[in-house]
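Taking it in order: structure first as structure tokens, then the write-up.
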Amino acid sequence: MSNQPMGNQTNIWPLWEVFVRSSRGLSHVHAGSLHAPDAEMALRNARDLYTRRNEGVSIWVVPSEAITASDPDAKGSFFESPQGKDYRHATYYTKSEGVKHL
Amino acid sequence: MAAAPLQPVAAEASEEDRAGQAAFDRIIADDSRIEPTDWMPEAYRKTLTRQISQHAHSEIIGMQPEANWITRAPSLKRKSILMAKVQDEAGHGLYLYSAAETLGTPRDVLNQQLLDGKAKYSSIFNYPARSWADMGAIGWLVDGAAIANQVPLCRASYGPYGRAMVRICKEESFHQRQGFEILLELSHGTPEQKKMAQDAVNRFYAPALMMFGPPDDDSPNSKQSMAWNIKRFSNDELRQRFVGMIAEQVKVLGLTLPDPELRFDEETGKWIHMELDWQEFKDVIAGRGPCNAQRLERRREAHANGAWVREAARAYAQKAGQRKMQKAGAA
Ligand SMILES: [Fe+2]
Ligand SMILES: [Fe+2]
């Protein structure tokens, strides 16, 4: 089995994305990816690979193919709507400058 | 007329490439990062796949000289430290394979290139580790040179590579320090121990300096890598900087560097070191180093010996999956 020719797709464990919560109160953050035959072993591998120095208190693993991503080429139109809407930021409102607790 | 429909398709494709190239150039000019789904020039993808996978192979092969000493470590403390370091190197290899995979080549393919002897890895790991003091010299000089090389790579233009390097650099500093400590203890030990430490430094000095790659005037790919913001400093620049650091550190060790020409040049503000044997470097890279065959053989053996683990894991996952489905069906 081990000396099978390269590129034998059936012989490749699926890819998982690993998210680690570094401490209570924080979100899980993407740490990297790894290969594992199932979710349980992906979790164990993720623990060994990404938390050797107490980097986490909780781990999520997600099959990479289950992630839907926005199209990078559609950057312009997809993220267009906030453009020109400065009034969504507190810094837009300058007349109230100097007023306390506002 | 028959050829007509082909025309717009071809034009459209090159249009897309043109737009992609423009976006890519803009991102590089802004010193921002390229991410896996972005358009990128084929040569950029190829260069990175080669560089990152070679880097990953180096981490994996690099486990061997030190792993050989785990059973012979002089104390339980040193044994635990060495095991943790070797385990880190395995981790570094995996971070880097993950980064390489985002460029489109599966890990199994990269691994097979290594097993087939078609891939390169850092020449330093083809030198033998003869004594316990070598564990010190490897940590101090080899991991030290790796750090000097890798810190600028944290800002490499390819996002996944830079992020893997950040993680790796954080872990490397312990590697260098534990090596330094081994040498420090030996150099303050018996005369024989001090001699052993000096001998290890003597053997690893030149090969460690060669880790930065050939001199600038013989490094044809460097220019393009720097234009792409993959590489930030030239080989010679990084090498002289590293020499300057270890020239100071070696004094703390009470040892010397085997380099009669070593000096700081006030005029250029740079460190001058001896001429290195670049023919030796080329020979080792080409597979004619002292341990090339042994390292590859060991890697193949380890991969073959792990086959049953991979098969068992797959079978277990399959069975557990089936049981889960049956349970769900019965409920
Ligand atoms: Fe490493
Ligand atoms: Fe290291």
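The values are calculated or read from the model by the stated rules, or taken from the named source; none is laboratory data. Quick caveat, the model's predicted, so the values are computed rather than measured. Note that each Cβ is placed from the backbone with ideal geometry, even for glycine, and that neighbours are counted across all protein chains shown. Side chains are part of the model used for accessible areas, which takes the heavy atoms of the whole protein and leaves out ligands, DNA and RNA. Shrake-Rupley method; radii C 1.70, N 1.55, O 1.52, S 1.80 Å.
Across the range B:186-216, the number of residues qualifying as touching a residue at least 40 places away in the same chain (Cβ under 8 Å) and of a type in the set (D, E) comes to 1.
I'm checking my understanding of the structure. Among residues of the range B:135-184 that are of a type in the set (G, A, S) and within 22 Å of B:L103 (Cα to Cα), which one is farthest from ligand 1 (Cβ to nearest atom)?
Once the filter is applied, the top-ranked residue is B:S157.
A:R53 fulfils the conditions (1) assigned to a loop (DSSP other than H, G, I, E, B); (2) within 29 Å of A:R24 (Cβ to Cβ); (3) open to solvent by less than 60 Å² (accessible area, probe 1.4 Å) except for a single criterion, (3). Only one of the numbered conditions (1) modelled with pLDDT under 95; (2) open to solvent by 60 Å² or more (accessible area, probe 1.4 Å) is not met by B:R177, and that is (1). Scanning the range B:154-171 for residues that are open to solvent by less than 40 Å² (accessible area, probe 1.4 Å) and in contact (Cβ under 8 Å) with a residue 40 or more places away in the chain yields B:A156, B:S157, B:Y158, B:G159, B:P160, B:Y161, B:G162, B:A164, B:I168, B:E171. For the range B:269-313, the set of residues classified as within 14 Å of another protein chain (Cβ to nearest Cβ) and not in a helix (DSSP H, G or I) consists of B:G306 only. If you go through the range B:40-95 and keep only what is surrounded by fewer than 19 Cβ atoms within 10 Å (Cβ to Cβ) and either part of a loop (DSSP other than H, G, I, E, B) or modelled with pLDDT under 95 (or both), you end up with B:P41, B:N68, B:A73, B:P74, B:S75. Taken over the range B:122-152, the residue count meeting the criterion of being under 11 Å from the mean Cα position of the chain (by Cα), part of a helix (DSSP H, G or I) and closer than 19 Å to B:R50 by Cα is 6. Note on the range B:163-257: enclosed helices (runs of 4 or more DSSP H) holding 1 or more residues that are among the acidic types (D, E), away from ligand 2 (no atom under 16 Å from the Cβ) and under 12 Å from B:G136 (Cβ atoms) are B:191-210. In contact with a strand residue (DSSP E or B) (Cβ under 6 Å, 6 or more places away or on another chain), modelled with pLDDT of 95 or more and away from ligand 1 (no atom under 16 Å from the Cβ) - does that describe any residue in the range B:243-260? Within the range B:243-260 (the criterion being in contact with a strand residue (DSSP E or B) (Cβ under 6 Å, 6 or more places away or on another chain), modelled with pLDDT of 95 or more and away from ligand 1 (no atom under 16 Å from the Cβ)), the answer is yes, since at least one residue qualifies.
Among the candidates B:I52, B:I70, B:I61, B:I124, the residue that is within 14 Å of chain A (Cβ to nearest Cβ) and aliphatic (A, V, I, L, M) is uniquely B:I52.
Looking only at residues in the range B:114-134 that are within 16 Å of ligand 1 (Cβ to nearest atom) and among the hydroxyl-bearing types (S, T, Y), the one that is surrounded by the fewest Cβ atoms within 10 Å (Cβ to Cβ) is B:S123. Candidates are the residues of the range B:86-109 that are within 13 Å of ligand 2 (Cβ to nearest atom) and more than 11 Å from chain A (Cβ to nearest Cβ); the one that is farthest from B:E171 (Cα to Cα) is B:V86. If you check B:Y127, B:Y121, B:Y97, which single one turns out to be within 25 Å of B:Y205 (Cα to Cα) and in contact with a Leu (Cβ under 8 Å, 6 or more places away or on another chain)? Every option except B:Y121 fails the conditions.
Restricting the first member to the range B:124-151 and to residues that are in contact (Cβ under 8 Å) with a residue 12 or more places away in the chain, and the second to residues that are of a type in the set (D, E, K, R) and open to solvent by 10 Å² or more (accessible area, probe 1.4 Å), no beta-carbon pair is closer than 6 Å while six or more apart or on different chains.
For the range A:56-86, a tally of residues being in a loop (DSSP other than H, G, I, E, B) and of a type in the set (A, V, I, L, M) returns 3.
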